[in-house]
Every structure is written in C-alpha cells, then in structure tokens.
Number of protein chains: 2
Amino acid sequence: MSERGNEAGTVGKALNVLDQVAAFGRPVRFSDLLESSEYPKATLYRLLQTLVQQGMVSFESERGVYALGVRLVRLAHQAWQTASIAPVARPYLDALSLEIGETVHLAQLDHAQVLYVDKRNAAVPVEMYSQAGKVGPVYCTGVGKAMLAWSRIEAQSRIIEQQSYHKFTDNTLTSRRALRAELDIICSRGFAYDNEEHEPGIICVALPILTQGGHVLGGLSVTSTTARHSLESLAKLVPHMKSTVSRIAEDAESWRFPEQIKEHA
Amino acid sequence: MSERGNEAGTVGKALNVLDQVAAFGRPVRFSDLLESSEYPKATLYRLLQTLVQQGMVSFESERGVYALGVRLVRLAHQAWQTASIAPVARPYLDALSLEIGETVHLAQLDHAQVLYVDKRNAAVPVEMYSQAGKVGPVYCTGVGKAMLAWSRIEAQSRIIEQQSYHKFTDNTLTSRRALRAELDIICSRGFAYDNEEHEPGIICVALPILTQGGHVLGGLSVTSTTARHSLESLAKLVPHMKSTVSRIAEDAESWRFPEQIKEHA
DNA sequence: AACTAAGTTTCACTATTTGGAACTTACCTA
DNA sequence: TAGGTAAGTTCCAAATAGTGAAACTTAGTT
C-alpha cells in the first residue's frame, strides 16, 4: 500500500506533497492532487498552504493551480554546488567531451536511482537544467551499474532489492541474480557496459568515480549508438575516461574534505 | 529578532534549517549550525535527522558533516521546468543572445528578490547551474526595477518596503522615495536602465515580461560595460528585446494557461 | 587518569497536527 | 431561477508529534 512509504512526521508528509506536485510536471488543481493523495482533504489542504507560505510551492489564485515554487530553484543552485560533484567535474567533462566527441554523462546515486547531474553532448551546446536533475534506473544503465558495483555491501544489497527490473529491451537484466552476476563481472573488468539494456541501439561504457578510500562519489559514462560504435570500440575510450575519473576524484576529495585550515599564519 | 521571521510550524522550521545548511555553501558540522541557529540543540538535531532521512540533506558520517541533498537537484529540475519561464524562453534567449552578442539575463521575482533563472553570454559557453538560481537585489538591478515597476500596487509596496537600500555605488538608489520616483520614470519610458547602480562600470537595459492581463511573468535584460556601451546605445536594442519579450510572454501564456483541452474529438 | 568539547538520547510536558463533518462558493442542469 | 452537484475552505475536540533541559556517551585533549 505505502509504496514510497516512510514513517513520516509532518515534515515528511509535506515533502511527500511537494514530490507529488513535482510529479505532475505542470500546474495542478487541488482536486488533482487530492485524487492521487494518501492524505485526507483537510490535511492535504493544510500541507499545501504551509508549502505555499514557505515558498516551496506557488499558488496561482486566478487559476487555482499549484506549481513548484522558485525557492526550490534557489536551493538547487546551492545543492548542485555543495552536494554534487558537478562543479568540480565541469572542466574535466568539457575536456573529455571535446576530445572524444561523444555524449558524456555525469551521475550520482540518489537512493536507489541514478541522478544525472551534468551532461555534455558534442553536437549541441550544454543544456544543464534541462538534463541535469533527471533520474534513471540503476540496474540497466552504465553509470548505475558502475556505481552500484563499487558500492558498499549494505547499500548495494538495499539498492538491488529496490529495483523494478522492468524489461526495457531484450538485453535488460530482469532479476536480482542476473544483476549480481553482472556486478561481479563489472568489478573484475574494472568498468561497466550498457549493452542496449535501457534503450535499443544505445550503448555506453561507464566508470565509477571513487575516493581513495573506495567510496563511490559518482559515475561517468560515454554514450553512443550501435550505428557508430561497438562495445569494443567504446572500450578503447576507457583509459582516457580513467584518467578523467581519477582527476575528478582527486579534486572532489580536496574540495569536499579539505585539510583543516589552520588559522592563516 | 526574527529577521526572516515566519510563524513557522514544524515544516517551516525544518525548511529554515535547510536554508541554513544552504547558506553555508559547503558541508557543515553540527556545531557550526548550532552556533548560528535559533533552535535549541536537541531540536536542531532532530530537524536535521528528519531532513537527512528525507534526503533533503545528506550526512557524511565519516566526517560528520551535513550538506544539501541531491533530492533538491531533482526537485529543482522540475521546479525550473514547471515554475519558471526559462524552458519557454530558452529558444528566444538563444536567438537574442546570438544576434546582439551581449550578456542576456532572464529573471523572475522571488519574494522581494531577483532570481536569475537563465543567462546567455556571447563570449563564453552557457553556464546555467552556475548562474541560474542566483539571487540579487530588486532596487538596483535593471530586471528588478523593470519587474517592480509593472507589479501590482500591493506587491510593489511590499517589495519597496523590504529592500535594504545598501549603497553599492555612487548611483545606487538609497531610499524608497528615490526608488518610487525611478519606477514612475521607468513606467513612462517603457523600460528600465541600470546605470552602474549595482556594480561600477556595468550598465543594462531591462524589460518586464508581461501577460496580456498585465501580470509580471519575469524580466529580460541585456548587460554591458561602460567601456563598450552607453545607456543610449543600449537603448537601441530595446525594440529587438520588446519583440523577444512579447514572444516569450505569448508562449508562456499558452503553456502556463493552456486552453482547456476539450476531449480530442 | 582526569578533563573537555562534540554529539546523541531521554522523557515529562505542550503545542501542533489531524480529519470528519459542516460550510461556502461556483458552476452546471433542468 | 430554483435545485443540484462538485470544488474548495473552515472548525474543533481528540490524538499525535514536537519540544528542550538535562543527562549521557563518545572522542579527543592535557
């Protein structure tokens, strides 16, 4: 029943409503939300009022519709800078993309999903907001599998449990067993493939971004089509990607875990 | 005492803490937050736990530091698409930027501040996340004044009250009276200037983006330096900007207030 | 071993949240 | 225009969740 379940306090409930508004992806009326809400009318109403008052949700009184508030855009700017490796990785992504001329994705794990935090596409200019922030499945994407393969055992198990194993293509892995086996192979190989597992004709190679301590910071992938590349030809890019990944990790570590700055003297 | 005051419920308090974490702009320890917090130790602690559990804040147990969570990046992606005019305006910004070759800003009002939601810079590639999400003052920026000038009287008064009137440069307007007078001039002129009021050497022209009903959707500005332009030469771009603005408004209206779609038949 | 600071848990007390039901618009329909 | 229906808003007693001083546990000094 409680699919996305959480033993929520008030804050959790409010954030659930926020997610719900986000899920519509367009301004919604109260009744639309009520229909798909697990909360009673009065409760939902009050939660929405709270969110509006807080600027997390905007309410257009003329139309009577709710939408996500701009306060989120401001928070996200900070979140992206603080919580993601994207600002650190930016110059390296630029360089990599320029040199190999293929689509590059930078991703992080968000619970049991892949969150894309940056992207480069050789052909068109950077499209950050339009691409960053998107989510995808872990079990059938290159970055997802790469990050999962090097995750710590508890987190890994939890995430493996939480996948949906929807069969997107003929090659999609559709069982926990198959995924576990694949993760083993990925670990010994040192990187992950996506062999048309999510979309037909789309293949990629992916590497995890690891701290010196072996903690997964994120994932980096290069994507192409079967028309232009084979897995083998993509694999040739791995050494190049490896050096990008280690430089990102190095920078990220010194940024996120800076040496204690002893008084400036 | 309660500067950012709100008669907050639990949700408000939690969001205050979220803002506080955001304000640091780097991973922070519990004691850093406690120092600058209005909440007692145990309360702050529990609020943080809630936020972490909800994925709005991430906690790195190794270092014992809190940072904004990636869930925000995901929400922001939706917020930017849903709540901002940026996705609609994107192609028009691209075109305008290309044709006039100067820095272009797209902004919206967020409470009493200017929130930049997109930017184009002819010289260097687009830097969305790094620029979008930034905030600035209303009373000394072109977009701010333009949006304020066409705001409805109640909102306008409220915002005028809430400005800080910090004197950034010799030209900064530093009183409500001066600002009101300037807004009158802007209204009759039809667009706003920023005559080095925020930063020395930086000037701009700005237009509001208005619905047919006269409601302020946002603002558009073209920025340059005194070295390259005078206010008069920037003013020559206004007709071009006017057409951009009206096209954005048109698209935004049909997107945000779509005709009721009568069953497809 | 004794001290100190940082972080975490407890628990009696309270303020907030809850949601069924009643109420108010606003808009159809006959 | 009355009568009906659906959408949105408010009420209030009961139930729940939040509060924070203080006690406690670590971890790091001296």
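Please find, among A:LEU109, A:LEU115, the residue that is under 16 Å from the mean Cα position of the chain (by Cα) and either under 27 Å from B:LYS134 (Cβ atoms) or of a type in the set (Ser, Thr, Tyr) (or both). Result of the check over A:LEU109, A:LEU115: A:LEU115. Scanning the stretch B:10-37 for residues that are aromatic (Phe, Trp, Tyr) and within 12 Å of chain A (Cβ to nearest Cβ) returns a single hit, B:PHE24. Annotation: A:THR82 fulfils all but one of (1) touching a Leu at 6+ places or on another chain (Cβ under 6 Å); (2) within 16 Å of DNA strand C (Cβ to nearest atom); the unmet one is (2).
For the stretch A:24-39, the tally of residues that are without any contact (Cβ under 8 Å) to a residue 24 or more places away in the chain and more than 9 Å from DNA strand D (Cβ to nearest atom) stands at 4.
Candidates are the residues of the stretch A:56-93 that are farther than 30 Å from A:ALA206 by Cα and open to solvent by less than 10 Å² (accessible area, probe 1.4 Å); the one that is farthest from DNA strand D (Cβ to nearest atom) is A:LEU72.
Among the residues of the stretch A:180-194, the ones that are open to solvent by less than 90 Å² (accessible area, probe 1.4 Å) and out of contact with any helix residue (DSSP H, G or I) (no Cβ under 6 Å at 6 or more places or on another chain) come to 5 in all. Would you check if there is a residue in the stretch B:218-230 being exposed (fewer than 13 other Cβ atoms within 10 Å of the Cβ) and part of a helix (DSSP H, G or I)? Scanning the stretch B:218-230, I find no residue that is exposed (fewer than 13 other Cβ atoms within 10 Å of the Cβ) and part of a helix (DSSP H, G or I), so the answer is no.
Output the number of residues of the stretch B:131-151 satisfying the condition of being open to solvent by less than 20 Å² (accessible area, probe 1.4 Å) and modelled with pLDDT under 90. Total satisfying the criteria: 3. If you go through the stretch B:38-77 and keep only what is of a type in the set (S, T, N, Q), in a helix (DSSP H, G or I) and more than 7 Å from chain A (Cβ to nearest Cβ), you end up with B:THR43, B:GLN49, B:GLN53.
Restricted to the stretch B:10-23, and to residues there that are among the aliphatic types (A, V, I, L, M) and open to solvent by less than 20 Å² (accessible area, probe 1.4 Å), the residue that is farthest from DNA strand D (Cβ to nearest atom) is B:ALA22. When A:THR43 is tested against (1) polar (S, T, N, Q); (2) surrounded by fewer than 17 Cβ atoms within 10 Å (Cβ to Cβ); (3) away from DNA strand C (no atom under 12 Å from the Cβ), exactly one condition is not met: (3).
The values are calculated or read from the model by the stated rules, or taken from the named source; none is laboratory data. The shown structure was predicted, so the numbers you read here are calculated from the model rather than taken from an experiment. Glycine gets a Cβ as well: all are built from the backbone with ideal geometry, and neighbour counts include every protein chain shown. We work out accessible area using only protein heavy atoms, side chains counted, and drop any ligands, DNA or RNA first. Shrake-Rupley method; radii C 1.70, N 1.55, O 1.52, S 1.80 Å.
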